[in-house]
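First comes the structure, then the notes that go with it.
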Amino acid sequence: MKVWYDALTGKQVRYAAAIAARLRSSGHEVVLTTRKHPDTLQLADFLHEKFIVAGKYDPKSLMTRLKSGIYRQLFFCKLFRQNEPQLAISHGSADLCRVAFGLGKPIITTVDTPYAEAVHKLTLPLSNYIVTSKAIPNNILRPYNPRAEMIGFDSVDEAAWIKGFKPTVKYDFGKPLIVVRQLEEKAVYANNAANMSTLAKKLTKLGKVVFLSRYHRKKIKKLIVPKGFIDSASLAAQADVFVGVGGTITREAALQGTPAIIVDVFKDQHVNDFLAEKGFPIFKAKPSEVMNLAEELLGRKYKVKHLLDKLENPVDVILDIVGRISAG
């Protein structure tokens with residue numbers, strides 16, 4: 001089959017690469033697309049994956065978001081004018097879903113953020129298959145599409161690329177090393193939930209702090225702000241403590257035994273609660289509690305390989321669906 005995957009963020013580029021490798025090994029043709037975004041193109045190069053670039057991430061206003069999406073959909077119409085994909089997969093790409101639906105192609109959508117309501121409204125009603133961690137209750141997503149086949153897996157998305165992963169880049173930012181990830185402030189669901197740079201500055205009392213900015217890689221006093229590409233999975237493995245609001249790098253860290261602190265500003269952190277219950281080092285804290293918790297966790301790396309081995313690989317679930325579709 002000819003399978004199309006559209007990746008919108010760095011996480012989705014990693015997910016796409018993991019899925020594409022398995023699809024190709026099973027004899028399928030894969031077309032990977034993405035958009036210009038601070039976390040996509042350099043990561044794609046790092047992973048040695050070729051993505052077709054369609055449009056850019058332009059979150060300045062609702063109008064720029066809308067225009068960017070429309071541009072991308074027209075681009076895909078031209079791209080597939082003479083050679084349509086037979087199946088489309090994404091982690092919540094409204095543009096992929098609209099085009100694939102218009103072409104009458106089956107759609108697989110993976111989900112890990114129950115609170116991304118705007119994205120769900122544009123993607124899940126058009127999806128034939130909804131693939132999600134068993135940590136997310138079905139009744140949260142089912143109302144978006146009562147007819148879709150919902151498939152749960154006993155794991156989290158990040159297991160798709162952390163299983164068998166070994167850091168390929170050695171970073172020397174000093175020790176103890178604390179990594180702080182900036183909140184995706186321009187996401188519709190963020191609503192200025194937390195000031196991570198202020199928190200990061202406070203953490204410099206405990207060690208070297210690398211601040212992973214999402215947008216502008218400008219110097220920030222007291223903080224290490226990398227200018228170039230950073231392999232988050234490798235950095236998370238080497239950190240002594242990670243601090244974020246519960247996103248991808250949080251789980252990349254915890255799955256590799258690095259204590260990960262979630263600044264508790266979002267509700268419905270089902271996948272993170274799931275990992276904590278499984279024994280992975282994920283800890284929630286209010287902004288005022290982060291400093292004391294980080295000090296307590298410094299130097300406490302956890303052995304988690306036996307836990308990671310027990311987690312299901314979501315790529316297996318996706319490959320099973322593709323196999324069923326290709327078999328007719």
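General remarks:
- Ordering 114, 21, 64 by Cα displacement along the dipole of segment 1-124 toward the positive end leaves 64 in first place; charges were set at the Cβ atoms of Lys, Arg (+1) and Asp, Glu (-1).
- Length-normalised contact order for segment 177-310 - Cα pairs under 8 Å, 6+ apart - percent: 21 percent
- Positive minus negative residues near residue 287 (Lys, Arg vs Asp, Glu; Cβ under 13 Å): +2
- Whole-angstrom gap from segment 14-41 to segment 72-121, using each part's C-alpha centre: 14 Å
- Calculated P(r) of segment 177-310 - Cα pairs past 17 Å, %: 55 percent
- Overall size of the chain from C-alpha positions, given as principal axis extents largest first: 58, 41, 37 Å.
- Taking the C-alpha atoms only, the angle from helix 314-326 to the longest principal axis of the chain is near 0 degrees.
- Cross-linked pairs 218/305; 221/305; 105/227; 60/221: Cα-Cα separations exceed 32 Å for 218/305; 221/305; 105/227.
- Structure-based [θ]222 nm, the chain - -39500 (n - 2.57) summed over DSSP H runs of at least 4, per residue, nearest 500: -10500 deg cm²/dmol
- Taking the longest Cα principal axis of the chain as reference, the axis of helix 10-25 is set at about 50 degrees.
- In degrees, nearest ten, helix 62-79 long axis to first principal axis of the chain (Cα): 50 degrees
- Counting every C-alpha pair in segment 262-314, the share spaced more than 19 angstrom apart comes to 38%.
Only the coordinates and a few stated rules stand behind these numbers; no lab work does. Bear in mind that the values here come from a model prediction, so they are computed numbers and not experimental data. With ideal geometry, Cβ positions are generated from the backbone for all residues, glycine too; neighbour counts draw on all protein chains shown.
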